[in-house]
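The values are calculated or read from the model by the stated rules, or taken from the named source; none is laboratory data. What you see is a predicted model; the values in this text were computed from it and never measured. Cβ placement follows ideal geometry from the backbone for every residue including glycine, while neighbour counts extend to all protein chains displayed. The accessibility values were calculated without ligands, DNA or RNA, using every heavy atom of the protein model including side chains. Shrake-Rupley method; radii C 1.70, N 1.55, O 1.52, S 1.80 Å.
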Amino acid sequence: MQETVVAAVSPHPAVERIELVGSRAEGRATRWSDWDFGVRARDFPAVAEALPELLAPLAPLVEQWDRLSEHQCWMLMLRGPVKVDLIFSEEPHKLEPPWEPGPETLGGIDDHFWDWILWLRSKEASGKEELVAAELQKLFGHLLAPLGVDSPPASVAEAVESYRSARDRAERVFEVAVSRELENAVAPTL
């Protein structure tokens with residue numbers, strides 16, 4: 001995966017450097033761990049605009065900007081499932097508010113949920129109980145509560161159960177159907 005991502009992104013003329021960072025670079029990864037890449041760009045807007053095309057050969061199931069990172073982070077979910085984050089640590093990002101469910105946003109909410117839950121599963125597997133508990137609270141505030149979930153989940157499994165019920169209700173209310181492709185890729189691994 002490392003060589004594939006670097007080979008896809010590094011040819012862009014505004015990419016100064018891309019390197020594997022985080023748990024995989026440090027030898028602490030679990031099977032659920034994401035692939036984090038630190039990226040330095042001479043022209044961030046140009047690289048940001050080019051990312052979907054550069055990464056198209058990886059056939060991502062989902063790609064989106066992280067709404068809750070303090071720096072710009074392009075997140076991909078690949079088959080497997082494999083989570084890949086391109087982290088632009090020199091590019092600040094203002095944290096975004098909780099999702100507002102609607103017919104236009106339900107698909108993005110679904111993508112964000114499954115990306116976040118796979119990441120949480122990796123933290124759970126690493127024994128980071130306090131981090132998982134804090135992130136479940138954040139997940140509740142930013143994603144589950146806006147969908148009408150009454151209380152924060154106590155576990156990854158409970159978050160999945162609560163989310164599915166809330167998403168199904170929202171689909172009926174908004175008369176839209178969200179693709180289950182990402183869910184079908186992530187849920188069996190949890």
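Worth a mention:
- Residue match in segment 46-65 (condition: surrounded by 14 or more Cβ atoms within 10 Å (Cβ to Cβ), modelled with pLDDT under 95, polar (S, T, N, Q) and within 17 Å of the chain's Cα centre (by Cα)): no
- Taking the criterion of being part of a helix (DSSP H, G or I) and either within 22 Å of Arg121 (Cα to Cα) or among the acidic types (Asp, Glu) (or both), the residues of segment 44-62 that qualify are Glu49, Glu53.
- Against the conditions (1) open to solvent by 30 Å² or more (accessible area, probe 1.4 Å); (2) closer than 30 Å to Glu16 by Cα; (3) touching a residue at least 12 places away in the same chain (Cβ under 8 Å); (4) not hydrophobic (A, V, I, L, M, F, W, C), Pro101 satisfies every one except (2).
- Residue count for segment 5-43, restricted to those that are open to solvent by less than 30 Å² (accessible area, probe 1.4 Å), assigned to a helix (DSSP H, G or I) and free of Cβ contacts under 8 Å to residues at least 60 places away in the same chain: 1
- Sole residue being of a type in the set (Asp, Glu), closer than 24 Å to Asp168 by Cα and in contact with a helix residue (DSSP H, G or I) (Cβ under 6 Å, 6 or more places away or on another chain), chosen from Glu135, Glu124, Glu104: Glu135
- Selection count where residues are open to solvent by less than 40 Å² (accessible area, probe 1.4 Å) and part of a strand (DSSP E or B), scope segment 80-98: 7
- Going through (1) touching a strand residue (DSSP E or B) at 6+ places or on another chain (Cβ under 6 Å); (2) open to solvent by 50 Å² or more (accessible area, probe 1.4 Å) one by one, Leu118 falls short only on (2).
- As a summary of the residue check, Ile109 satisfies the conditions (1) of a type in the set (Val, Ile, Thr); (2) within 30 Å of Val176 (Cα to Cα); (3) free of Cβ contacts under 8 Å to residues at least 40 places away in the same chain except for the one numbered (3).
- Residue list for segment 138-160, restricted to those being free of Cβ contacts under 8 Å to residues at least 40 places away in the same chain, over 12 Å from Pro101 (Cβ atoms) and surrounded by 13 or more Cβ atoms within 10 Å (Cβ to Cβ): Leu139, Phe140, Pro152, Pro153, Ser155, Val156, Ala157, Glu158
- Test: residue in segment 125-136 that is in a loop (DSSP other than H, G, I, E, B), touching a residue at least 40 places away in the same chain (Cβ under 8 Å) and open to solvent by less than 40 Å² (accessible area, probe 1.4 Å): no
- On the stretch given as segment 161-179, residues that are open to solvent by less than 70 Å² (accessible area, probe 1.4 Å) and either within 18 Å of the chain's Cα centre (by Cα) or not β-branched (Val, Ile, Thr) (or both) total 10.
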